[in-house]
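Taking it in order: structure first as structure tokens, then the write-up.
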Amino acid sequence: MNNEEIILPALSKSLIDKLDKLFPDKCPLLTDSDRDVWFKVGQRSVINYLQQTYDEQLQDNIITKDLE
């Protein structure tokens, strides 16, 4: 991958909220394998990235806040 900035399309708060419910930010279980822990961390990392991007889009007036 080159150093070009990747620009995402406008994000939806409702989509991020649904993904947040599917892949919640929670501590791993003691019974989880190392592989499962890293897999879940990767999933959560995507949700966090989307939330951060959504917040930046709001701040830059690229999008308006979803009505709930």
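With the condition kept exactly as written, say whether any residue in the range 14-31 is surrounded by fewer than 14 Cβ atoms within 10 Å (Cβ to Cβ) and in contact with a Lys or Arg (Cβ under 6 Å, 6 or more places away or on another chain). Yes: one or more hits. Can you tell me which residues in the range 41-61 are open to solvent by 90 Å² or more (accessible area, probe 1.4 Å) and in a helix (DSSP H, G or I)? Matches in the range 41-61: TYR49, GLN52, GLN59. Cβ separations smaller than 7 Å between residues 6+ apart or across chains give the following pairs from the range 9-33 residues that are over 16 Å from GLN51 (Cα atoms) to residues that are of a type outside the set (Phe, Trp, Tyr): PRO28/VAL37; PRO28/LYS40.
The values are calculated or read from the model by the stated rules, or taken from the named source; none is laboratory data. Just so it is clear, the structure is predicted and the values come from calculations on it, not from any experiment. Note that we place each Cβ from the backbone using ideal geometry, even for glycine, and neighbour counts take in every protein chain shown. To get the accessible areas, we keep the full protein, side chains included, count just its heavy atoms, and leave off ligands, DNA and RNA. Shrake-Rupley method; radii C 1.70, N 1.55, O 1.52, S 1.80 Å.
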